[in-house]
Structures are given as C-alpha cells and as structure tokens.
Amino acid sequence: MPKKTPHSLKVCATCLLSVLLLVFACSAVARATETWAVYWYLCGSNLESEDGAASADLAELLKARLPDNVRVIIQTGGASKWHRPGISAKHISRYVYQGGKLELLAKLPQASMGDEKTLTSFLAFCKEKYSADHQVFVFWDHGGGSIGGVANDENFDFDALSLKEINNSFKQVYTASPTRPPFEIIGFDACLMATLDTASAISGFAKYMVASQEVEPANGWQYTAWVNALGANTAISPEALGKTICDTYLEGCEEVQTAGNATLSLIDLVKIPFVNLAYNALGLEAVSLAMDDDSFYAAYGRQAKAAENYVNSRSEGYTNMVDLGSLVRRLKTTLPEFAPHFLDSLGEAVVYKVHGPYRSPSGLSCYYPFDGSKSGFSTMMQAGNITTFLVLSGLQLGFLDTDSAVKHLERISTDITAALGREENSPQAAAPAAPAAPVAPAEVPKPQGQGGAQGLWAPLQSGLAAMLGKQTEDGPSVGSVAALLGQAASAVSASVVPLKPLDITSLEDFEVAIGNGGEARLDLGPERVKFLDSVQFYLAYFSIEDNLIMLLGKDADMEADWEQGVFKDNFQGTWAALDDHLVYLEITNQDEGINHYVSPIMLNGVRCNLIVIYDFAEKEYKILGARRVQGGEMTDKALIKLKAGDKVTTILLAMQMDDEDGEFQEVEVDTFTLGKDVTFADTDMGDGQFMFMFEMTDVQNNTATSQIVTIEVKDGEALYSN
C-alpha cells in the first residue's frame, strides 16, 4: 500500500470532520423535531379565589409562543372561584395550549385536587392522549414541605396530596426507571417542596426536580419566559431547561421586589439514592453517639435551630423543615466520619440553585422536629422515606420504642443492601443482596464512647467514599459497602433505647441573678442545659395603675455560654416599631449575619404576619412583606408588599396583672395609615417598667420560663430587680 502524503491525510481529516459535523447536525435536527409535553396540575386554592394568582400564571403561559411539537396540557380545579372567564369552579377542567390557542378538552365532575385518584386520572389521561418524547410535570399551589404536601383543594377543606399519594399516583401510571425515567422534570411551583423526601418520592420518575425550600412569593415561576425558552429551542437539555426555570423565577422575583427570601433548586434525581445512602450512614453515626451519650440530642437540636430553616415559629406554625447542608455543616465536628461524604453527595445532587440575598440554601431541606408534635412525626413516617435520622427523631421524642426502632434500622439496612446490590457491576449483583443478618450484641465489640459501631466506621467511610467516586477503582466494592452498612446498622441496633420523657419543671421560675454590670444573669450550669436546645427571652411592658401586662415579643439578643450554662441579657431600652408604633416581634431564625422575624398585624382588615429581617452588616431591619395567616399545614404563598395608604393595626399580647390563671390574648393596639416612607426600626421606649424573663426549651419541645426580672427605666437609666 502506498504511503499517504500529508496532503492526503489532510483530505481524510477534512472528510472525517465533515462526516462528524453532518452527524451532529442530523442529531440536533432530530432533537429539535422531537415532541414535548408540559402537564400542568393547576390547583387554584384560595390563591386563585382571593388573588387570581393561578389565572395570572395562566395568562403568562398564553403569552408564550410554541411550535407544533410542544403542547401544554392543563388541569384546573381546587378553587371556589376562578378569575379567568370560562374556567368553572364547579368542575375539574382540562385544556390544551398549542399553536397560540387554549382549547377546552373536557369538564369532569367536581373532585378534590388533593386526592390521589384525581392526580392519577390526570396522569393517565396525559399518557394516553398527549404522550411525548420529552415530558415535564408541574404542580401548582400552596406547598407545606414533607409534612404538608401540595395541592390544597379549597372546595374539599383544603385536602392536600401527601408525598405518599404523589408516589402512588406516578407508580400507577408509569414505571420508575433511574436510567430512562418518563419525565425530564417534575417541578413544584409551590412553597417548601425542595426536600429530600419529595425528591425520594419522585426519584425514578424524572431526571430532575425543580422546587423551592422557602415559601414562594405569589408571583411564582415566570411561565412566559421559561415556556418561550422551550418553544424557541426544543433541542434544549432538561438540565438547561431547569436552569432557565430557576433563573427566570429569580429574575421575576427581583422585578416585583419579592426576591429577599426566594429560593429555587434544580436536583439531579439520579443522585438521590446516593444522597439517602450517605444520609443514612451519617444517621447511623448520630444514633450511635446518642445511644452512648444522650446529651448528643441537645447538641443536634442546637445546631438544627441555628441552621437555616423555613417557617418554624409559634406565630407562623411549624413546617419542621431545615436546610440539609446548613445543618450537616454545623454537625461536622460532632459527626466527623460521614458529614464530609454526605456534603459531597448533596453537592453532586444539587445541580443548580438560585436565591435571594437573605437566604443561603444548599438546595434541599430535611425534617427536624422543631415542634415535637406526634402528628408531624407520624406523617413523616408515612411519607415513604424513613431514614436513620427519622428513627433518631422518634427515639428523641419517645415516639418509637426499642423494638420499632430496631425494625426500622434493620429494614433501612436491608433496603440499602438490596439497592446497592442492584447497582453493583458484578456477577454477584444480578439479584438484590441478601439482608445482612442481625449481629448479636455479644458478637459486636463496643468501643468506649461509640455506641458499639465505631469499629465499623473506618471501612464504611472508605467504602462510602468509593461509592461517591472519591477513590480509585481499587477501592471497596458496592457490595462491601452494603455489607458494612448492614453490620453497622446491626451494631447500632443492639444498643438502641428511646430517650425517656424529659421533665424540666424544675427550671420553672428558675432564679435570675442581677450581675455586677446590672444585667439579668441566668446561671443554669452545665448539667441543667444537658437537654436544652434553646434559650431565648420575652420582654413585656407593665403598668400597675392600669393592671396590665403587654408582651412585646421574643428575641435571642443575649450573651450565651452553653458550655458553662450561663446566659445574660442585652437590654438596651429599645424595641422594634413600625412607623414609630411598637410591634410584637418574634424571632424565627438566626442565619449568618441575618435574623428573621415575624410580627402579627392587621393589614387592611386582614390578619397577617409581617415578615422582617435584621441585617447585621447594614445594621437595619428590612420588611420583606406580609403573609396572611392560614389554617392547617398551609403557608400562604402571597407576599403582600406594604404601600402608602395601607391601614395597619398593631397586635400585642396582653393580660391583666391580677389574673393569676389568665393567659395572654391578642389585643389590637394602634391603628394608623402608612405614609410614603415606611420605617421599621428599633425605637427608644423611654421611661417605664418592663418585665424580662428567659424561656428554656428542651429537645422534646417542653418549655420553662425563668423568674421574672423587673427593669425600671428612669431618665434613661435601667434598674434591675427580682
């Protein structure tokens, strides 16, 4: 064969390049002509009946221009009134939007959008009549996180879809597949749904999840922008489409000035099983520590309450949702073996996220029992993602006995072993691995200080690193990780005991000393804070002449030494005021450099909570807006901006001084009209008499209040007395 000349080589290379370009061009054309379908589950709820929010988003959609290969199929329901003409509140209605036209497909009998059967019916209809090469599913309405679910039907007592119901519906219509899921994206244009449990419920049914950890403002997703992006480029990847949804959402929030606490995440659902694996390994370490030293519960609780969390206060209610990354980063010192590996797995699963200036989310939330309620814990147990941390919460609250906890730990170990067995690329992994046999207590050495599993941490940690791709191919196999995890679970199970009911009544009316600097000093000591996860304070104004106590609120502005159990007040004679009118202020979260507060008010005759942050860098409060108070598990999506001319009535809590058995009741105090420049700032309260007391909360959500300290302010000087 004659030797090729450089010229002939160049010609061959040119031909090869031409062929490759032709292949890529043909591939792009093929992708561009593939069909897309967006299935929109539009549960209007009172967001529609009161504000027309669903109709507004529907109007946004109708501005989008779509090619013939993209269709949007919509199901409406769940509202007692629709603002868009033609949509009935008495029926479930189905529409298709295609080619610039919205066509009514069917009117069905009234049914709850919060019912599993209604969702299943819509899924089946879409699959049969409007299946496509690429499919997106969007839930729209209120959301309540892992406990509250989504799609609260106003016509059926705000019945909502639980995570278990969502999972059941998708399973009845589609087959879950990690490699070829039926949907490109499952999204939640709803509050609080970016949770590990939500992602687990839909894992296998979509490549990606888009959802918010925080309460979404009412403007929600920007449908014109992201649907237009899909219509303009139907060769778009699902990841790029998910990023577009996130970016346009935040841009929309910034445009209407609701971006302060906004969050939205794009989650790679293929990675969720590995996040759960790492989370369960981390949880085994936590359970082990708790069994060896029950003061771990308080260390865990303090970090949970210090971490970024979403809607957890007496004024707003409790979602029991906390940011996963923020929590685990705070636990790295306490749980050093697996925290780094978990954070790595979380970082890989969270592909993209956007957020406003007053939030720093990791992308996914998890459950922590802030309110200690049995109903919330029971709902989590039924949600379908029972983790080692959920078992830990059951032990912490005394809601699980030893036998139940052991059974759950063994099942978790078995499930993970089976799942990893299926992932193992070896002949032995053709079928799920057999559950690891329980190890008898006598067979497991119990190193001092580690609850019986410390001897397994090092190889399991190494194996987990290999699973997450952090080691070479010579690292431990998936099967060995599964076996080690099973052994660790069995070792921990051998020492599982629930925390006994706590009694902190001995801290009620606990003595408060007056320090040398004239401050109130609560000296509990190291032993008495063993099970406490929070110490805050109440401040009240009182008048003997008027026989009245007015509670101003609860804050955490104090010096706290948890190691010594000593807490000191930082009273400055000032309190927050709206346009110079004192307000009740309750702290809800302390982030890095930001405190989050709520303040109850009447806004134009409607009971609301004013959402406020204090920015330590700028040394000022900022009003993010007001939310109407809702019932049940719902958190209102609408964030109402205050404006000139709004009528505001401040609300404080009051009781009569001589009523020993009385309770504080909400009292409307000052009514005024907002001017052009609304101010929210600390104001000097002047001379007067004040009551100060500490509130202590333990890890089972029991509370006790200290002895009352009286602070008399005269001519600007504060005099403390017991």
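Among the numbered conditions (1) of a type in the set (S, T, N, Q); (2) farther than 30 Å from Glu666 by Cβ; (3) at pLDDT below 95; (4) open to solvent by 10 Å² or more (accessible area, probe 1.4 Å), the only one that Ser288 does not meet is (4). Any residue that is under 30 Å from Tyr300 (Cβ atoms), of a type outside the set (Ser, Thr, Tyr), surrounded by 15 or more Cβ atoms within 10 Å (Cβ to Cβ) and under 37 Å from the mean Cα position of the chain (by Cα) - is there at least one of those in region 703-712? Yes, the conditions are met somewhere in region 703-712.
For region 489-537, what are the residues that are assigned to a helix (DSSP H, G or I) and open to solvent by less than 40 Å² (accessible area, probe 1.4 Å)?
Ala489, Ser490, Ala491, Val492, Ser493, Leu507, Gly525
Which one of the conditions (1) out of contact with any Ser or Thr (no Cβ under 7 Å at 6 or more places or on another chain); (2) within 30 Å of Thr120 (Cβ to Cβ) does Gln303 fail to meet, given that it meets all the rest? With (1) out of contact with any Ser or Thr (no Cβ under 7 Å at 6 or more places or on another chain); (2) within 30 Å of Thr120 (Cβ to Cβ) applied to Gln303, the lone miss is (2).
Looking across region 250-268, the residues that are touching a helix residue (DSSP H, G or I) at 6+ places or on another chain (Cβ under 7 Å) and surrounded by 24 or more Cβ atoms within 10 Å (Cβ to Cβ) come down to Ala262, Leu264, Leu266, Ile267. Kindly establish whether Asp247 is over 19 Å from the mean Cα position of the chain (by Cα) and either open to solvent by 30 Å² or more (accessible area, probe 1.4 Å) or over 24 Å from Gly148 (Cβ atoms) (or both). Yes. Taking first residues from region 153-175 that are without any contact (Cβ under 8 Å) to a residue 24 or more places away in the chain and partners that are not in a loop (DSSP other than H, G, I, E, B), no Cβ contact under 8 Å between residues at least 6 apart in sequence or on separate chains turns up.
Checking region 257-268 against the condition returns no match, with no residue being part of a helix (DSSP H, G or I) and either in contact (Cβ under 8 Å) with a residue 40 or more places away in the chain or within 29 Å of Pro181 (Cα to Cα) (or both).
For (1) of a type in the set (A, V, I, L, M, F, W, C); (2) out of contact with any Phe, Trp or Tyr (no Cβ under 6 Å at 6 or more places or on another chain); (3) outside any helix (DSSP H, G or I); (4) open to solvent by less than 10 Å² (accessible area, probe 1.4 Å), each residue gets a yes or a no:
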residue: Val210; (1), (2), (3), (4): yes, yes, yes, yes
residue: Thr224; (1), (2), (3), (4): no, yes, no, no
residue: Asn228; (1), (2), (3), (4): no, yes, no, no
residue: Gly231; (1), (2), (3), (4): no, yes, no, no
residue: Ile236; (1), (2), (3), (4): yes, yes, yes, no
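Only one residue in Thr635, Thr588 is among the β-branched types (Val, Ile, Thr), assigned to a loop (DSSP other than H, G, I, E, B) and either in contact with a Ser or Thr (Cβ under 6 Å, 6 or more places away or on another chain) or more than 18 Å from Asp670 (Cβ to Cβ) (or both), so which one is that?
Of the residues listed, the single one that is among the β-branched types (Val, Ile, Thr), assigned to a loop (DSSP other than H, G, I, E, B) and either in contact with a Ser or Thr (Cβ under 6 Å, 6 or more places away or on another chain) or more than 18 Å from Asp670 (Cβ to Cβ) (or both) is Thr635.
Specify which of the listed residues (Leu163, Leu102) is of a type outside the set (Lys, Arg) and closer than 22 Å to Glu316 by Cβ. So the residue among Leu163, Leu102 that is of a type outside the set (Lys, Arg) and closer than 22 Å to Glu316 by Cβ is Leu163. From the list Phe672, Phe616, the lone residue that is farther than 27 Å from Gly372 by Cβ and open to solvent by 70 Å² or more (accessible area, probe 1.4 Å) is Phe616. Within this structure, Glu559 passes the test of being open to solvent by 20 Å² or more (accessible area, probe 1.4 Å), part of a strand (DSSP E or B), without any contact (Cβ under 8 Å) to a residue 12 or more places away in the chain and not small (Gly, Ala, Ser).
When Phe567 is tested against the conditions (1) surrounded by fewer than 17 Cβ atoms within 10 Å (Cβ to Cβ); (2) farther than 25 Å from Asn609 by Cα; (3) over 28 Å from the mean Cα position of the chain (by Cα), the lone failure is (1). Lys554 meets each of the listed conditions (1) surrounded by fewer than 20 Cβ atoms within 10 Å (Cβ to Cβ); (2) not in a strand (DSSP E or B) apart from (2).
Do we find that Phe694 is open to solvent by less than 40 Å² (accessible area, probe 1.4 Å), in contact (Cβ under 8 Å) with a residue 60 or more places away in the chain and among the aromatic types (Phe, Trp, Tyr) in this structure?
On the way: open to solvent by less than 40 Å² (accessible area, probe 1.4 Å): yes; in contact (Cβ under 8 Å) with a residue 60 or more places away in the chain: yes; among the aromatic types (Phe, Trp, Tyr): yes.
So Phe694 passes the test.
Can you say whether Ile544 is surrounded by fewer than 16 Cβ atoms within 10 Å (Cβ to Cβ), out of contact with any helix residue (DSSP H, G or I) (no Cβ under 6 Å at 6 or more places or on another chain) and of a type outside the set (Asp, Glu), as far as the supplied structure shows? Answer is yes for this residue. Within the option set Asp580, Asp591, being buried (at least 17 other Cβ atoms within 10 Å of the Cβ), in contact (Cβ under 8 Å) with a residue 60 or more places away in the chain and acidic (Asp, Glu) holds for one residue only, Asp591. The criterion of being under 24 Å from Val275 (Cα atoms), of a type in the set (A, V, I, L, M, F, W, C) and open to solvent by 40 Å² or more (accessible area, probe 1.4 Å) does not hold for Ala201. So Ala638 fits all but one of (1) out of contact with any helix residue (DSSP H, G or I) (no Cβ under 9 Å at 6 or more places or on another chain); (2) open to solvent by less than 30 Å² (accessible area, probe 1.4 Å); what number is the exception? Checking Ala638 against (1) out of contact with any helix residue (DSSP H, G or I) (no Cβ under 9 Å at 6 or more places or on another chain); (2) open to solvent by less than 30 Å² (accessible area, probe 1.4 Å), the one that fails is (1). Of all residues in region 297-307, those being open to solvent by less than 10 Å² (accessible area, probe 1.4 Å) and not small (Gly, Ala, Ser) number 2.
In the list Ala190, Ala124, Ala111, which residue meets the criterion of being touching a His at 6+ places or on another chain (Cβ under 8 Å), at pLDDT 95 or above and small (Gly, Ala, Ser)? On inspection, the qualifying residue turns out to be Ala190. Condition check: at pLDDT 95 or above, closer than 27 Å to Ala626 by Cα and assigned to a helix (DSSP H, G or I). Does Glu214 satisfy that? No, not satisfied.
The values are calculated or read from the model by the stated rules, or taken from the named source; none is laboratory data. No experiment lies behind these values; they were computed from the predicted model shown. In this analysis, Cβ positions are derived from the backbone assuming ideal geometry, glycine residues included, and neighbour counts consider all displayed protein chains. Just the protein is used for accessible areas: all its heavy atoms, side chains included, with ligands, DNA and RNA removed. Shrake-Rupley method; radii C 1.70, N 1.55, O 1.52, S 1.80 Å.
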